[in-house]
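Trainee: I have a structure here, written as structure tokens, and I will follow up with some questions on it.
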Amino acid sequence: MAAPQPERPELIVADRWRDYALLDCGDGMKQERWGPHTLVRPDPQILWPRHGREPGAVWEEWDGFYHRSDKGGGHWEFRRPLPESWTIQYDPLGLTLKIRPTSFKHTGLFPEQAVNWDWFSARIAAARRAGREVAVLNLFGYTGAASVAAAKAGASVCHVDAAEGMVKWCRENAALSGLADAPVRYIVDDCLKFARRELKRGRRYDAVIMDPPTYGRGSSGEMWRLEDNLWELLKECRALLSDAPLFLLINAYTARLSPTVVGNLLAELMPGPAGRITAGEVGLPARSDGKVLPCGIYGRWEAAG
């Protein structure tokens, strides 16, 4: 049987949010509504001018504005006192997630990833309806929205991130979503080393989710470089998959990878099991003019049938 080959790259858009909206974007900045609060942040992908506005003009409507520094980093300016954190809901899956503006401009959530939550939640739920137990491994899991979505769909989940604070945040998100007692393992560890130890322990997973960074350091200072370590990690994850794997999902935000590269990696990784490989971009629709803001890439392998 011929190995599955990637399909033509596709752009998929996260357009099912009620508590989040990309209101406008242009001139390197984006204006977003996060529940009751409006934030303005820089985004390096936004190279086009503001729609219907003079270059350099700023939005009048915002509660928090992130100013980037020429020396690196930046700081938030708040027009009025905001709570340290608040929650928003992703209604289609019944998720409640904590939002907190951080010193490095992030909020603890990448809303475009909702398209991937929808995709794998449907596959987990279908497997559970068929009477199958599903074990999911989420590597570089950040604040755990994907882990919470997988648990909500009925999977047991192992959430791994090298940053203790992010793993704690995942635990909070699980509790907020009514999953405090769900079968979720919270692990602070270097992802590659953890995968190797899991293999030695004889553990197997039905699905793997990963969001590898370009660079990173493990919990003990281990250095991660995407070009050097990604294929190595993928091979370990392939060995961790059960005899009847359900899916494998790769997210990436680095310009060093393209959807075609990720699709080709999956084709090399999964030549045996019958399945389907798709890859492309994820994006967010701007309410102002309908443009789509590209927010990274994905690669998916899913079992046939």
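The values are calculated or read from the model by the stated rules, or taken from the named source; none is laboratory data. None of the values given here were measured: they were computed from a predicted structure. Note that we place each Cβ from the backbone using ideal geometry, even for glycine, and neighbour counts take in every protein chain shown.
Trainee: Which number in (1) in contact with a Ser or Thr (Cβ under 9 Å, 6 or more places away or on another chain); (2) of a type outside the set (D, E); (3) assigned to a loop (DSSP other than H, G, I, E, B) marks the one condition that G221 misses?
Mentor: All conditions are met except number (1).
Trainee: Restricting the search to segment 153-173, which residues are in contact with a strand residue (DSSP E or B) (Cβ under 7 Å, 6 or more places away or on another chain), within 20 Å of R123 (Cα to Cα) and among the hydrophobic types (A, V, I, L, M, F, W, C)?
Mentor: Scanning segment 153-173 gives A155, V157, C158.
Trainee: Criterion first (modelled with pLDDT of 95 or more, more than 24 Å from Y253 (Cα to Cα), assigned by TED's automatic domain parsing to the domain that holds L265 and crowded, with 18+ Cβ neighbours inside 10 Å) does E198 satisfy it?
Mentor: Considered against the rule, which asks whether it is modelled with pLDDT of 95 or more, more than 24 Å from Y253 (Cα to Cα), assigned by TED's automatic domain parsing to the domain that holds L265 and crowded, with 18+ Cβ neighbours inside 10 Å, E198 comes out as yes.
Trainee: May I pose another question? Here's a check for you: in segment 126-149, which residue that is aliphatic (A, V, I, L, M) and over 17 Å from A303 (Cα atoms) is surrounded by the fewest Cβ atoms within 10 Å (Cβ to Cβ)?
Mentor: Here the answer is L139.
Trainee: Okay, next question. Only one of A175, A207 is among the small types (G, A, S) and crowded, with 21+ Cβ neighbours inside 10 Å. Can you tell me which?
Mentor: Result of the check over A175, A207: A207.
Trainee: Pick from segment 84-95 the residues that are among the aliphatic types (A, V, I, L, M) and in a strand (DSSP E or B): which of them is surrounded by the fewest Cβ atoms within 10 Å (Cβ to Cβ)?
Mentor: My answer is I88.
Trainee: For segment 1-26, which residues satisfy the criterion of being within 30 Å of V261 (Cβ to Cβ), acidic (D, E) and at pLDDT 90 or above?
Mentor: Within segment 1-26, E10, D15 qualify.
Trainee: Filter segment 108-129 for residues that are over 9 Å from the mean Cα position of the chain (by Cα) and farther than 20 Å from R276 by Cα and give the result.
Mentor: Within segment 108-129, G108, R128, R129 meet the criteria.
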